[in-house]
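Let me begin by presenting the structure, written as structure tokens, before commenting on it.
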Amino acid sequence: MKLKCIIIDDEPIARKLVEEFIGDIDFLELIGQAENPTKAMGLLNDNIVDLIFLDINMPVINGINFLKSSKNTASIIMTTAYAEYAVEAFSLDVLDYLVKPIPFERFLKACNKAREVYETKKLLAQAAPNTDDHFFIKCDNQIEKVLYNDLLYAESMMNYVILYTAGRKLIVYITLKSLEEQLPATRFIKVHKSFIVNREKIKSIEGNMINIGTEKITISQNLREKVLQEILKDRMIRR
């Protein structure tokens, strides 16, 4: 198994370094490079891309704006000289954030995270068509079985997700966006940029708060109307 990856960076020297690092990692395969996101569109449209090494400060469109506008599902590792964009980048579900000059050991650690995410996505995709009551997730070098009915909610924490069940919590390297795409929408709903909840486990709704298990989960203001419509549907008994 090799992760197919591309580099998007306007600096030739920076692209060369990342290319050399990729060549030293046996589970990565470089399939192309581009000096800005606009020129990368052909690569993204013509290939299945698992991982993008993305700079921030580039001409035409910068890396942050590219992330905001892109619907690509590849994992993103930022490679930039600007540490100050890290919080915004992580809010856009980037997998990792590497500040130049990048040591190889730090680069390898980020790529190992990408491999974990890739393997987790495969497990979820394989489980989805064959089962209707559970999925598998990789956690602490183990493949864990999780029953849909046991999962209360999921919380995004930077570049990983915490799955909360009644009896345990599992920390996995996957973005909340990727998890949302692979969980059945009939069972789970995103109520906040950091939370997905199990519809069947909702005990009550108080204003902008959902009571689930012993926890209170905030419904974000921009999602509130959609969330309430989805949860209540035609089940609300009125006077």
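Structure data summary
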| item | result |
| --- | --- |
| Close pairs from the range 43-72: first open to solvent by 60 Å² or more (accessible area, probe 1.4 Å), partner assigned to a helix (DSSP H, G or I), Cβ under 6 Å, at least 6 apart | VAL60/THR38 |
| Residues within the range 186-239 that are closer than 23 Å to VAL161 by Cβ and among the acidic types (Asp, Glu), tallied | 3 |
| Residue in the range 96-105 that is modelled with pLDDT of 95 or more, outside any strand (DSSP E or B) and aliphatic (A, V, I, L, M) present | yes |
| Residue count for the range 219-235, restricted to those that are at positive phi and part of a helix (DSSP H, G or I) | 0 |
| Residues being of a type in the set (Lys, Arg) and in contact (Cβ under 8 Å) with a residue 24 or more places away in the chain - total across the range 190-239 | 4 |
| Subset of the range 153-173 (residues that are hydroxyl-bearing (Ser, Thr, Tyr), under 12 Å from the mean Cα position of the chain (by Cα) and in a strand (DSSP E or B)) | SER156, TYR160 |
| Scope the range 188-216; condition loosely packed, with under 14 Cβ neighbours inside 10 Å and part of a loop (DSSP other than H, G, I, E, B); matching residues | GLY207, THR214 |
| ALA14 closer than 22 Å to ARG106 by Cβ, surrounded by 17 or more Cβ atoms within 10 Å (Cβ to Cβ) and small (Gly, Ala, Ser) | yes |
| Which listed residue is surrounded by fewer than 22 Cβ atoms within 10 Å (Cβ to Cβ) and not aromatic (Phe, Trp, Tyr), from VAL87, VAL94 | VAL87 |
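Residue-by-condition table, conditions (1) under 21 Å from VAL227 (Cα atoms); (2) surrounded by fewer than 14 Cβ atoms within 10 Å (Cβ to Cβ); (3) in contact with an Asp or Glu (Cβ under 9 Å, 6 or more places away or on another chain):
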| residue | (1), (2), (3) |
| --- | --- |
| ALA110 | no, no, yes |
| CYS139 | no, no, no |
| VAL146 | no, no, no |
| LEU152 | yes, no, yes |
| THR186 | yes, yes, no |
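The values are calculated or read from the model by the stated rules, or taken from the named source; none is laboratory data. Quantities reported herein were computed from a predicted structural model and do not represent experimental measurements. Backbone-built Cβ (ideal geometry, glycine too); neighbour counts: all protein chains shown. SASA here: full protein model, heavy atoms, side chains in, ligands and nucleic acids out. Shrake-Rupley method; radii C 1.70, N 1.55, O 1.52, S 1.80 Å.
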